[in-house]
Amino acid sequence: MARIPTALFGGSFNPPHVGHVLAVAYVLSTERVERVVVVPVFEHALGKHLAPFEHRVEMAVRAFGWLPRVEVSRIEARLGAPSRTLRTIHALEAEHPDWELRLMVGSDILSEIHQWQAFEEIERRAPPLVLPRTGALTASGAPQLLPEVSSTEVRALIAAQAKSAESNSATEVEELVPRAVLAYVREHGLYQEV
């Protein structure tokens, strides 16, 4: 029985931004994958403060839900804290033995892999799909396809917008965050303070 090529896209998604959406669209368009599974971390392994898990899952659904062959998984809530990529891979393999996993990572993450638990085993079980990101060096010299935008920058813009009605950050944040995600952020008052 043929296995189904499946890309695993894990992240904080705190909040999801256009760079995340473009990464998923790019992989679906160019790689041999049948689906992308977006996995918001339950709790960051390095202790970073995150918006509540259910908010981040809902924002991910709003950011990616319109894309065909994409699903948002709540698997890390079942696995508990802290979130570990290898544990998530093991759980997905157990639930979906017919999947052939590939791990999506931005080239900016490559400098952090020494902090990951058992990265060699992760590479073996879910060979990485490395996506060149503007502002991050790549060993291959591949073109940098993803915009230089970060959730940290987005949170700062949202907080600035909340503090000043005259701020230019409204226009800038609207260019970096999917409309449905930004509406959810505003509806729930998320990221009002940095």
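Here are a few things to note about the model shown:
- Looking across region 1-35 at every residue that is in contact with an Asp or Glu (Cβ under 8 Å, 6 or more places away or on another chain) and among the hydrophobic types (A, V, I, L, M, F, W, C), the one that is farthest from Pro132 (Cα to Cα) is identified as Met1.
- Every pair of residues 6+ apart whose Cβ atoms lie under 7 Å, when the first sits in region 105-132 and is over 24 Å from Ala25 (Cα atoms) while the second is aliphatic (A, V, I, L, M) and surrounded by fewer than 18 Cβ atoms within 10 Å (Cβ to Cβ): Gln115/Leu46; Gln117/Leu86; Ala118/Leu86; Phe119/Ile113; Glu121/Leu86
- When we screen Leu67, Leu92 for residues that are more than 25 Å from Gln117 (Cβ to Cβ) and modelled with pLDDT of 95 or more, the only hit is Leu67.
- Across region 33-46, the number of residues qualifying as surrounded by fewer than 18 Cβ atoms within 10 Å (Cβ to Cβ) and at pLDDT 95 or above comes to 2.
- Residue among Leu101, Leu79, Leu110, Leu145 that alone is at negative phi, touching an Asp or Glu at 6+ places or on another chain (Cβ under 8 Å) and either surrounded by 13 or more Cβ atoms within 10 Å (Cβ to Cβ) or at pLDDT 90 or above (or both): Leu101
- Going through (1) surrounded by 24 or more Cβ atoms within 10 Å (Cβ to Cβ); (2) under 22 Å from Glu100 (Cα atoms); (3) out of contact with any strand residue (DSSP E or B) (no Cβ under 6 Å at 6 or more places or on another chain) one by one, Pro16 falls short only on (2).
- Conditions (1) at pLDDT below 85; (2) not in a loop (DSSP other than H, G, I, E, B); number of the one not met by Ala160: (1)
- Condition broken by Val27, with the remaining ones in (1) in contact (Cβ under 8 Å) with a residue 40 or more places away in the chain; (2) not in a helix (DSSP H, G or I) satisfied: (2)
The values are calculated or read from the model by the stated rules, or taken from the named source; none is laboratory data. Predicted model, so just to flag it, every value in this text is computed and none were measured. All Cβ positions, glycine included, derive from the backbone under ideal geometry; neighbour counts span all protein chains shown.
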